[in-house]
Amino acid sequence: MTFFKLAFRSLFRQKRRTIVSLAVVTLGAVSLLLALGHSQYIAWGLRESIIHSETGHLQVFQAGYFDREEKTVLEFGLRDYEQIRKDLNLLPDVSLVLARIDFMGLLSNGDKSVACLAQGLEPDREMRLRGLFRMSGTMFNPFLASRKDPYVIALGRKLAESMSARNGDYLTLMTTTASGALNALDLRVIGTFPGASPEYEERAVMIPLPAAQELLRTAKVKNLVVALTGTEKTDAQFEAVAALGREKGYPIALKKWHERTAYYRQVRQFYDQITGFLTAVLILIVFFATSNTIMTAVTERTREIGTFFSLGTTRFQILRTLLIEGALIGTIGGALGSAVAHGASKLINSLAIILPPAPGTTDGYPLMIRSESPTHLAVFVAFLLIASLSAFLPAWRATRMKIVDALGHI
Amino acid sequence: MNPPVVRLSGVSRRYRLGRTEVPALTDVSLDVAAGEFLVLAGPSGSGKTTLLNLIGLIDKPTAGSVWLDGEDTAPRSLSALSAKRRDRIGYIFQTFNLVPVMSVFENVEYPLILRGLPRRERRERVAQALEKVGLAGRMRHRPRELSGGEQQRVSIARAVVKEPGLVLADEPTANLDSATGRRILDLMLGLHDEAGVTFVFSSHDPRIIGLGRRVVRLQDGRIADPSEN
């Protein structure tokens with residue numbers, strides 16, 4: 001009979017109470033794993049959607065872009081971008097390189113003018129970028145259908161409504177050129193597109209890159225967006241691209257995707273705070289449930305503990321046995337919780353539940369749970385430690401008993 | 001008389017109940033020689049259990065000293081006292097105090113685990129001890145499956161399995177009918193005669209007390225007739 005076996009049998013001496021404690025620990029682990037799994041899904045989905053629609057994994061700028069404010073449009077735009085793109089495409093982990101220009105403009109239908117945020121882009125590559133994350137690129141279909149005509153424009157849905165613009169209508173897009181003069185292009189409306197927020201939809205327009213360069217009278221682009229074969233390769237490829245720039249003598253500045261999106265950081269922080277709070281609450285519940293079980297066990301077994309002492313059992317051996325009981329509650333509850341959470345996440349994911357749009361967004365998002373081994377392992381270890389720790393105080397009190405008092409306990 | 005295994009010198013034990021102190025033992029001096037079969041006799045509240053607790057190192061005197069195997073136990077640390085109890089003293093409780101989640105075999109084996117004996121030796125010793133108390137066929141049973149007499153025999157086996165120098169029994173027959181009590185006492189006498197183990201047990205039952213080879217009578221926490229000791 002080892003102390004482990006003794007602890008295991010003692011734990012199931014009061015089956016009902018132990019089952020209740022195990023249920024609390026299991027439910028705690030399930031709740032925490034589902035909450036963390038959903039939070040991780042949100043963070044992962046948001047990260048990948050931002051990367052595959054906005055930032056790419058890396059962005060390449062002209063050197064100096066981040067050091068000073070531009071006095072004119074594209075003053076620090078990227079020259080030789082086609083040559084740089086060619087070299088970047090030779091790197092083994094680079095999937096795609098896109099060129100973009102962002103600028104402010106004034107959009108007019110003759111009756112009404114609206115300030116807009118314009119983006120000159122390469123629709124076919126933008127579509128492929130989204131396709132890398134299984135995102136829909138159908139918003140670029142109208143561009144591909146009008147491939148031969150560069151003088152086209154797509155509008156954010158709310159902007160199209162506000163301008164009463166329909167496909168085939170012509171709108172005038174006016175802005176200042178790279179040299180500071182005013183310039184305008186008449187562009188044919190070919191479609192609308194959704195945005196992450198109503199504010200974005202009210203202001204955003206997209207035009208083909210050649211049209212943007214013609215409007216701005218420039219051969220530069222604002223930056224190159226680099227998509228990799230995996231987000232985890234970002235740091236390594238950042239170094240590889242920097243080395244390439246040094247080797248080829250390109251005057252470039254690099255940014256990683258997370259340096260270009262404050263929104264992601266804010267959302268991540270928000271979810272981290274919620275899950276952090278939830279974790280603290282669940283840890284407290286598990287702590288007190290286990291502690292209560294061991295405390296009651298110690299009270300019920302006071303005379304038995306006295307007997308153990310009288311037989312020559314040391315304080316450490318008593319402490320160890322009771323701590324093992326706590327650890328067993330954490331181990332069994334944590335393992336059950338992990339298994340149940342894994343099954344529950346599969347079930348929830350298969351139901352394809354769509355949650356209402358988050359504040360400030362236009363579309364609902366799926367209730368999906370990521371079930372990742374490191375998270376399950378971390379929660380399991382955490383619950384094991386918490387349960388062991390929670391058993392410590394009652395176990396310590398047991399070791400402080402006076403043997404004669406314990407033997408006389410009824 | 002053999003040299004004393006236990007020597008109590010001017011031992012007193014007082015308990016605090018609220019603001020008052022209650023004397024349980026007062027100025028008790030007693031020698032227990034190796035191989036003795038000693039009965040502590042006296043009515044309830046006379047201090048028998050307190051005296052056994054002090055001899056068994058599970059309580060400490062408020063005054064006086066307790067010597068075991070020629071050593072004063074007062075300066076010993078808690079872990080050293082644990083080791084003494086583990087190696088030198090066997091206990092038999094009035095209420096048997098078997099561990100319900102352990103089988104008969106495991107209850108008897110437990111003191112040997114504490115002493116770190118190898119599994120094979122433990123198995124042999126437990127089998128012998130249970131054979132001696134007539135429970136070799138009940139090894140796998142749990143205590144609740146045994147009668148009171150059988151449980152007390154397991155308790156005796158647990159006390160003697162480690163071959164202690166001293167076995168203490170606190171009213172070992174009080175919870176048993178007289179016939180079973182008598183059998184338990186015969187068993188203890190047999191073990192004493194066979195192995196020469198020192199037995200000290202308490203009782204208030206005159207029929208049981210009469211079987212003692214030496215009787216020390218306690219009255220109100222004092223030895224009734226110190227000259228007999």
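When region A:1-36 is limited to residues that are β-branched (Val, Ile, Thr) and part of a helix (DSSP H, G or I), the one that is farthest from the other protein chains (Cβ to nearest Cβ) turns out to be A:Val30.
For the structure I just gave you, tell me whether A:Ile283 is within 14 Å of chain B (Cβ to nearest Cβ), assigned to a helix (DSSP H, G or I), of a type in the set (Val, Ile, Thr) and touching a residue at least 24 places away in the same chain (Cβ under 8 Å).
Values: within 14 Å of chain B (Cβ to nearest Cβ): no; assigned to a helix (DSSP H, G or I): yes; of a type in the set (Val, Ile, Thr): yes; touching a residue at least 24 places away in the same chain (Cβ under 8 Å): yes.
Taking the combined requirement at face value, the residue does not satisfy it.
Suppose we filter A:Tyr41, A:Tyr65 for residues that are closer than 30 Å to A:Thr176 by Cα and surrounded by 14 or more Cβ atoms within 10 Å (Cβ to Cβ); which single one remains?
Numbers: A:Tyr41 fails: closer than 30 Å to A:Thr176 by Cα.
Matching residue, one of A:Tyr41, A:Tyr65: A:Tyr65.
Residues that are of a type in the set (A, V, I, L, M), buried (at least 17 other Cβ atoms within 10 Å of the Cβ) and farther than 15 Å from B:Tyr91 by Cα do not occur anywhere in region B:150-164.
Scanning region A:213-232 finds one or more residues that are open to solvent by 20 Å² or more (accessible area, probe 1.4 Å), among the small types (Gly, Ala, Ser) and out of contact with any helix residue (DSSP H, G or I) (no Cβ under 6 Å at 6 or more places or on another chain). Within region B:92-143, the set of residues being under 26 Å from A:Lys15 (Cβ atoms), charged (D, E, K, R) and within 11 Å of chain A (Cβ to nearest Cβ) comprises B:Glu106, B:Glu109, B:Arg142. Under 8 Å between Cβ atoms, which residue pairs at least 6 apart in sequence (or on different chains) link something in region B:112-132 that is on the phi < 0 side of the Ramachandran plot with a partner that is of a type in the set (Val, Ile, Thr) and surrounded by fewer than 19 Cβ atoms within 10 Å (Cβ to Cβ)? Cβ pairs passing all conditions: B:Ile113/A:Thr2; B:Arg122/B:Ile113. Counting only residues that are more than 13 Å from the chain's Cα centre (by Cα), surrounded by fewer than 17 Cβ atoms within 10 Å (Cβ to Cβ) and of a type outside the set (Asp, Glu), region A:257-274 holds 2 of them.
Assess whether A:Glu300 counts as being on the phi < 0 side of the Ramachandran plot and over 23 Å from the mean Cα position of the chain (by Cα). Show your work before the answer.
Working: on the phi < 0 side of the Ramachandran plot: yes; over 23 Å from the mean Cα position of the chain (by Cα): yes.
Yes, satisfied.
When the residues of region A:363-410 are narrowed to those that are closer than 27 Å to A:Gly330 by Cα and within 14 Å of another protein chain (Cβ to nearest Cβ), which ends up surrounded by the fewest Cβ atoms within 10 Å (Cβ to Cβ)? It comes out as A:Arg400.
Testing B:Leu38 on (1) within 21 Å of B:Asp170 (Cα to Cα); (2) touching a Phe, Trp or Tyr at 6+ places or on another chain (Cβ under 9 Å); (3) within 14 Å of another protein chain (Cβ to nearest Cβ), one condition comes back false. Which one is that? Unmet for B:Leu38, out of (1) within 21 Å of B:Asp170 (Cα to Cα); (2) touching a Phe, Trp or Tyr at 6+ places or on another chain (Cβ under 9 Å); (3) within 14 Å of another protein chain (Cβ to nearest Cβ): (3). Candidates in region B:165-210 are the residues that are in a loop (DSSP other than H, G, I, E, B) and touching a residue at least 40 places away in the same chain (Cβ under 8 Å); of these, the one that is surrounded by the most Cβ atoms within 10 Å (Cβ to Cβ) is B:Pro172.
Please enumerate the residues belonging to region B:73-91 that are over 17 Å from the mean Cα position of the chain (by Cα) and at the interface with chain A (Cβ under 8 Å from one of its Cβ atoms).
Step one: filter region B:73-91 for residues over 17 Å from the mean Cα position of the chain (by Cα), giving B:73-80.
Within region B:73-91, B:Leu78, B:Ser79 qualify.
Taking the listed residues B:Leu57, B:Leu25, the one that is within 14 Å of chain A (Cβ to nearest Cβ), part of a strand (DSSP E or B) and under 19 Å from the mean Cα position of the chain (by Cα) is B:Leu25, with no other qualifying. Here A:Val60 meets the list (1) open to solvent by less than 10 Å² (accessible area, probe 1.4 Å); (2) in a helix (DSSP H, G or I) almost entirely, failing just condition (2). Take A:Arg303 and tell me if it is within 11 Å of chain B (Cβ to nearest Cβ), in a helix (DSSP H, G or I) and surrounded by fewer than 20 Cβ atoms within 10 Å (Cβ to Cβ). Here the answer is yes, as A:Arg303 does meet what is asked.
When you look at B:Arg85, is it open to solvent by 60 Å² or more (accessible area, probe 1.4 Å), on the phi < 0 side of the Ramachandran plot and not in a strand (DSSP E or B), yes or no? I'd like the intermediate steps shown before the answer.
Numbers: open to solvent by 60 Å² or more (accessible area, probe 1.4 Å): no; on the phi < 0 side of the Ramachandran plot: yes; not in a strand (DSSP E or B): yes.
Criteria not met by B:Arg85.
Scanning region A:4-38 for residues that are closer than 16 Å to A:His342 by Cβ and hydroxyl-bearing (Ser, Thr, Tyr), we see that the one that is surrounded by the most Cβ atoms within 10 Å (Cβ to Cβ) is A:Thr26.
The values are calculated or read from the model by the stated rules, or taken from the named source; none is laboratory data. Since we're looking at a predicted model, the values are computed, not measured. Reconstructed Cβ throughout: ideal geometry from the backbone, glycine too, with neighbour counts over all protein chains shown. Heavy atoms of the whole protein, side chains included, go into the accessibility calculation; ligands, DNA and RNA do not. Shrake-Rupley method; radii C 1.70, N 1.55, O 1.52, S 1.80 Å.
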